[in-house]
Structures are given as structure tokens and as C-alpha cells.
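Trainee: Okay, here's the structure, questions in a sec.
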Amino acid sequence: MSDKARMILYALTAAACAAWEAQSVRDYIADGTLTSAPSIIFLVCVGVATVYCAINAFILWQRNRRSRHDGTDANDVSGAPADKTSEDGSAA
């Protein structure tokens, strides 16, 4: 899977987790269970997942953006310029 696809999946997951957490907070407030232990544990876990996914999406977005500016391959973590090879595999 490419970095761009992973970035999009992380961003969508972060958005879904944030929406889920907001809906849960609204429901917990409505039924008066916001300060119960299970509610707090659930909200912390979903919050951690949201932050983790958002940070990874941002990191991959920065890597993708940087690779477009300096001509490196976005999937190459070494930062070396992308190889320019022809269809037969020889260097161009």
C-alpha cells in the first residue's frame, strides 16, 4: 500500500474516531453517565486512537508533500532521489 493510501486511511480513521467520540460524549451527557468509570475509559481509548491516527496521517502527508518538492520517492524512507529507470529496467 502506498504512503498516500495509508495517509488517507489514517485521516479517515481519525475523523471517524473523533465523530464517534463526540457522539459518545453527547450521549453520556444526555443520560448522565459522563463521569462513570467505563465512560471515561472508553473516551480515553478512543481519544488515544484518534490522536495516533491523526499524527500518522500528518506525518505521511508531510513525507508525501516533501517528496513531491525534492523529487524523492514517497515510499522510500531513506530520502534518496527516486531511480529513473526505463521499462526494460536499465538506468535512464
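Every read-out reported here was derived from the displayed coordinates using simple, explicitly stated rules and does not represent laboratory data. Since the model is a prediction, treat every value here as computed from it, not as a measurement. Reconstructed Cβ throughout: ideal geometry from the backbone, glycine too, with neighbour counts over all protein chains shown.
Trainee: What is the distance, in nm, between label points placed 7 Å from the Cα along the Cα-to-Cβ direction at Cys45 and at Arg6?
Mentor: Distance between the two pseudo-spin positions: 2.5 nm.
Trainee: Just want to confirm a number: the relative contact order over segment 3-69, from Cα pairs under 8 angstrom separated by 6+ residues, in percent. Could you put the intermediate results ahead of the total?
Mentor: Numbers: 47 pairs, mean separation 37.4, N = 67.
Relative contact order, segment 3-69: 56 percent.
Trainee: Here is a follow-up. Need one number: nm distance between label points at Trp61 and Ser24, each 7 Å from Cα along Cα→Cβ, rounded to one decimal.
Mentor: Going by the 7 Å Cα→Cβ label model, 2.3 nm.
Trainee: Same structure, new question: Whole-Å semi-axes of segment 3-69's equivalent ellipsoid, largest first, each the root of 5 times a Cα gyration tensor eigenvalue?
Mentor: One finds semi-axes of 32, 10, 7 Å for segment 3-69.
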